[in-house]
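The values are calculated or read from the model by the stated rules, or taken from the named source; none is laboratory data. As the structure is a prediction and not an experimental result, all values here were calculated from the model. Positions of Cβ are generated from backbone atoms using ideal geometry, with glycine treated the same way; all protein chains shown enter the neighbour counts. Only protein heavy atoms, including side chains, enter the accessible area calculation; ligands, DNA and RNA are left aside. Shrake-Rupley method; radii C 1.70, N 1.55, O 1.52, S 1.80 Å.
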Amino acid sequence: QVQLVESGGGSVQAGGSLRLSCAASGSFFSIHVMGWYRQAPGKQRELVAAITSGGSTDYADSVKDRFTISRDNQNTVSLQMNSLKAEDTAVYFCRAETTGANVFWGRGTQVTVSS
């Protein structure tokens, strides 16, 4: 089992920045993919960014050139969010997929961007 703990959420003005972090712990061999999803009220949960153990990244079109995902170590992922917009407001969830294709989710952290 993998436990994911998110941190770094908060409230900022449009144009500001936040850095989210997710730390994984528990009983697992290794994590293949870690990423961030977000869900706004009344909206579907959507991929924000993801990174593989090999360093390959994937971003939602809406955040490309503004957000950067990185692996701080094997079990920690960060999301640097710059030039935040009101539409970035959502609960952000960390997601991890192990080499055994098991998926785990964090409980989410609120990001609020005011205009």
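Each residue of the stretch 67-76 is assigned a 3J(HN,Hα), and the resulting list reads 10, 9, 9, 8, 9, 6, 7, 4, 10, 9 Hz, derived from the Karplus form 6.51 cos²θ - 1.76 cosθ + 1.60 (θ = phi - 60°), x at Gly and Pro.
Oblate is the label for the stretch 42-108, because the ratio a/c of its alpha-carbon gyration tensor axes (a ≥ b ≥ c) is 1.5 or higher and a/b is not greater than b/c.
Evaluated over the Cα positions of the chain, the convex hull gives a direction-averaged projected area, one quarter of its surface, of 6.5 nm².
Taken one residue at a time, the phi angles of the stretch 10-20 give Karplus couplings (6.51, -1.76, 1.60, θ = phi - 60°) of x, 10, 9, 7, 3, x, x, 9, 9, 10, 9 Hz. Gly and Pro are set to x. Sorting the Cα pairs of the stretch 1-63 by distance into bins of 5 Å, from 0 upward, gives 4, 13, 19, 25, 22, 10, 5, 1 percent per bin. Here the Karplus relation 6.51 cos²θ - 1.76 cosθ + 1.60, evaluated at θ = phi - 60°, turns the backbone of the stretch 92-108 into coupling constants of 9, 10, 7, 10, 10, 10, 7, 5, x, 6, 8, 10, 10, 10, x, 8, x Hz, with x for every Gly and Pro.
If I compute solvent accessible area with a 1.4 Å probe over the protein chains, what percent of it on the stretch 45-115 is carbon and sulfur?
The C+S portion of the solvent-accessible surface of the stretch 45-115 is 42 percent.
Using only side-chain charges placed at the Cβ, +1 for Lys and Arg and -1 for Asp and Glu, the dipole size of the chain relative to its Cα centre rounds to 140 debye.
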